[in-house]
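Below: the structure, in structure tokens.
The values are calculated or read from the model by the stated rules, or taken from the named source; none is laboratory data. Model, not experiment: these values are computed from the prediction. So basically every Cβ, Gly included, is an ideal-geometry build from the backbone, and we count neighbours across all protein chains shown. Quick note on the areas: whole protein, heavy atoms, side chains included, nothing else; ligands and nucleic acids left out. Shrake-Rupley method; radii C 1.70, N 1.55, O 1.52, S 1.80 Å.
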Amino acid sequence: MKEFKAERIEGLMPSGIRMITRMCDEAGGINLGQGVCDEPTPKEIKDSAIQAIRSDKNVYSKYEGIDELREKIAVKMKDYNKIKCNPDTDITVNVGSTGGYVAACFSFINPGDEVIMFEPFYGYHLNILHLCKAKIKYARLSAPGWYFDFDEFKKLITNKTKAIILNTPTNPTGKVFSREELTFIADICQKDGILVISDEMYEYILYDKNEHISIGSLPGMDDFTITISGFSKSYNVTGWRLGYTVAKKKFTEKIGILSDLFYICAATPLQHAMIASFNLPDSYYSELRASYTKKLDLIFPALQNAGFKVHRPQGAYYLLADVSSMGLNGKTDASKKLLDLTGIGAVPGESFYENPEDGKNQLRFCFSKEYDVVEEACRNLQKLKIH
Ligand code: GLN
């Protein structure tokens, strides 16, 4: 029997993140695997979604998204990200930030183009590049600070380098790239004509004195940057699939055409609903940070007490823990073992490295859960006996 399979999907498997959610659901465990964000969505946004559906805003929008939402995004980009953009020509609303990333990669990456990613990485970033048949090179982020070596990074650049994938705050390490690091990358991009695709999904989730800087705001970078963000994590609407890309017209017109082909448009009533997010007061964002900080302050020592080696993240809501001291080894069976012993699901470290061996001693814990769920997980962690 002939096998019906496109070459481009050869070797693709469901992600470790998805796998853990499935395992965890089956076991009735606490899912600290997938970044689900199950705190309630702000009431104003939910009401506005219901209102949009009731008033029949239920048909296709322009492929770049509704005007009112793009106008609001443009103001936010100027005020928060320090990026000036024209809402008519420089913004596309997408089906999640992933939709934006897919459209950006397929618009600008040719088979054989070299693309640099930081490792550990978010697997979706990687696999979409595989679908584009890119040649991927890795810049290692090393614990405890998750810094990268500037000289090693320079050695990765060749005349085939097309793009650098940036993610700040970073999934899975919680690193927030500093101005010095971003300036270093920006200088290379401008000198060698390299595009940055910058996923800034966790831009509002920051700890301590860390500050989010968009590489697209650095001088001269508007010609070299596609900035991607979304609403999922900031407003607990991960199931709405609503994100956006911001880039100069020359990029945005391509991204828009592909978004149209792939998805037609993002869900229209939800685009209308999201306008309400821009009326939330500044205190919403300080409370968001405070609430995540409280959860971090709970889970961070709990993981340490369980015998794991962890580094305080600067942003996002993940902890990539070294679990070698526990006799677990970060492979899939380590996740299973953790689930069996504690009822907690965590993502195997191998999901974040090109060579799975490099992540074998790591597990990613996500704490975007309600406080009492994180509390319960921390109690369960005490069941682990330190070997
Ligand atoms: N970004 C989230 C994570 O890393 C969710 C991704 C997903 O569901 N695939 O867990």
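Each of 285, 69, 139 was placed along the dipole of the chain (beta-carbon charges, centred on the mean Cα), and the one lying farthest toward the positive end is 139. Overall, the ratio between the Cα radius of gyration of region 73-196 and 2.2 N^0.38 Å, rounded to two decimals, is 1.08.
At an R0 of 35 angstrom, the distance between the Cβ atoms of residue 160 and residue 12 translates into a FRET efficiency of 0.90. In this label model, residue 88 and residue 50 are separated by 3.7 nm, measuring between points 7 Å along each Cα→Cβ vector.
Note on residue 137: accessible area approximately 40 square angstrom, rounded to 10, probe 1.4 Å, nucleic acids and ligands left out. With the gyration tensor restricted to C-alpha atoms of region 172-213, the semi-axes of the equivalent ellipsoid amount to 23, 12, 8 Å, longest first. For region 7-55, the calculated P(r), taken from all Cα-Cα distances in 5 Å bins from zero up to the bin holding the longest distance, is 5, 15, 15, 12, 10, 13, 16, 9, 5, 0 percent. What a 1.4 Å probe finds exposed on region 101-200 is 52% carbon and sulfur by accessible area, rounded to a whole percent. Checking the cross-link pairs 78/135; 84/294; 82/209 against a 23 Å limit on the alpha carbon distance flags 78/135; 84/294 as lying beyond it. When all protein chains stay in place and ligands, DNA and RNA are ignored, the 1.4 Å accessible-area order of 38, 340, 187, largest first, is 340, 187, 38.
State log₁₀ I(q)/I(0) for region 128-195 at q = 0.28 Å⁻¹ as given by the Debye formula over alpha-carbon point scatterers of equal weight, solvent excluded. Treating every Cα as an identical point scatterer, log10 I(q)/I(0) equals -1.48.
Sorting 304-314, 96-106 by average packing, meaning the other beta carbons within 10 Å per residue, from highest down gives 96-106, 304-314. For region 51-119, a crude dipole built from +1 on the beta carbon of Lys and Arg and -1 on the beta carbon of Asp and Glu, taken about the Cα centre, is about 360 debye to the nearest 20.
Semi-axis lengths, largest first, of the ellipsoid equivalent to the chain are 31, 26, 21 Å, with √(5λ) applied to each eigenvalue of the Cα gyration tensor.
Around the Cα centre of region 46-177, unit charges on the Cβ atoms of Lys, Arg, Asp and Glu (plus for the first two, minus for the last two) sum to a dipole of about 200 debye. Averaging Cα coordinates gives a centre for region 1-56 and one for region 76-136; these two points are 20 Å apart. Each part reduced to its alpha carbon centroid, region 257-284 and region 163-240 end up 20 Å apart. Taking all protein chains into account, the per residue accessible area for region 107-146 stands at 36 Å² (1.4 Å probe). Phi angles across region 196-205 convert, under the Karplus curve 6.51 cos²θ - 1.76 cosθ + 1.60 with θ = phi - 60°, into 3J(HN,Hα) values of 10, 9, 10, 8, 10, 3, 9, 4, 8, 9 Hz, Gly and Pro given as x. Available extension along the chain between residue 135 and residue 192 is 18.8 nm, counting 0.36 nm per residue and deducting the alpha carbon span.
Taking 0.36 nm per residue of separation and subtracting the Cα-Cα distance, full extension of the segment from residue 179 to residue 282 would add 34.7 nm. Taking all protein chains together and a 1.4 Å probe, the residues 369, 84, 162, 62 rank 84, 62, 162, 369 from largest to smallest accessible area. An ellipsoid equivalent to region 235-356, defined through the eigenvalues of its Cα gyration tensor, has semi-axes of 36, 22, 14 Å when rounded to whole angstrom and sorted largest first.
Per residue, the convex hull spanned by the Cα atoms of region 165-286 amounts to 130 cubic angstrom. Have a look at 302, 315, 48 and report the one farthest towards the positive end of the charge dipole of the chain, computed about the Cα centre with Cβ charges (Lys/Arg +1, Asp/Glu -1). With unit charges placed on the Cβ atoms, the residue in question is 302. Look at the alpha carbon pairs under 8 Å that are at least 6 residues apart: their mean separation over the length of region 1-130 gives a relative contact order of 17 percent.
Of the chymotrypsin sites (Phe, Trp or Tyr not before Pro) found in region 1-85, those in coil by DSSP whose Cβ has at most 16 other Cβ atoms within 10 Å are 4, 60.
Remark: spin-label model distance residue 147-residue 383 equals 4.0 nm, labels positioned 7 Å along the Cα→Cβ axis. Once you have the Kirkwood Rh of region 25-102 from its Cα pairs, apply Stokes-Einstein at 4 °C and 1.567 mPa s and quote D in µm²/s. D, rounded to a whole number, is 83 µm²/s.
Shown here for region 175-223: trypsin sites (Lys or Arg not before Pro) in loop regions (DSSP other than H, G, I, E, B) with at most 15 other Cβ atoms within 10 Å, namely 209.
Using the Cβ-Cβ distance between residue 67 and residue 264 with R0 set to 22 Å, the FRET efficiency works out to roughly 0.80. Across the chain, the mean sequence separation of Cα contacts (distance under 8 Å, 6 or more residues apart), normalised by length, yields a relative contact order of 25 percent.
Its relative contact order, with pairs defined as Cα atoms under 8 Å and 6+ residues apart, puts region 78-162 at 26 percent.
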